[in-house]
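The values are calculated or read from the model by the stated rules, or taken from the named source; none is laboratory data. Since this is a predicted model, take the numbers as computed values, not measurements. Note: ideal-geometry Cβ built from the backbone for every residue, glycine included; neighbour counts use all protein chains shown. The accessibility values were calculated without ligands, DNA or RNA, using every heavy atom of the protein model including side chains. Shrake-Rupley method; radii C 1.70, N 1.55, O 1.52, S 1.80 Å.
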Amino acid sequence: LFATSAPSAGRAQAAPVVTAEALRADTSAKLRDFAWLTGRWEATVANLPGALLEVTYSTPRAGLMTGMMRLVQRDTVLVVELISMVETPTGVEMRFRHFSPTLDAYEREFKQTMRLTSHQPSTDVFENTVAFDAKLMSTQPRRTSLMRHGDDEFVGRSDIIGSDGK
């Protein structure tokens, strides 16, 4: 869940489960369509008491938009996430990687390509296209949705889809 530092507060929303068969790229969007993310966003995390999530995105430039997320619970940094959104011939792709506060990578080996599969006026959905490898968490079927609620609020949701489809 992300919201700006403005007083408004967003609510987490349930996202429908999507299977690996639905991984067709949506090539209608361009990186400039994500310029609304530029800036600093922060929010509390509903299922993590005392946690504050901060995300900062750069302006899209030269086919790249970068982001940094910091998740803090009370006085402890739980994770730093580096985000890259890239415009490719097959559509917009997003990748992210997790680090400790000292930038030690949490995943030793990492493979992930989150391709934009749905672009709507207020909701974008990215899904991992890398084949599942049980040894690599980063290859789990994953869906990330960005649901915009006006100019100063959006909900970000990531779902890891298990072998049971949930």
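Numerical summary
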item	result
Spacing of the two label points (7 Å from each Cα toward its C-beta) at H149 and F99, in nm	3.1
Under the Karplus curve 6.51 cos²θ - 1.76 cosθ + 1.60, θ = phi - 60°, whole-Hz ³J(HN,Hα) for segment 123-128, x wherever Gly or Pro sits	9, 10, 10, 10, 9, 5
Cβ charges +1 (Lys, Arg) and -1 (Asp, Glu), total dipole of segment 65-137, debye	120
Which of R148, R32, R115, R142 is most accessible, then next, and so on - probe 1.4 Å	R32, R148, R115, R142
Mean shadow area of segment 70-140, taken as a quarter of the surface of its Cα convex hull (nm²)	6.3
Heavy-atom accessible area ranking, 1.4 Å probe, most first, across S58, S28	S28, S58
Extended-chain gain in nm, criterion 0.36 nm per residue less alpha-carbon gap, D33 and K111	25.5 nm
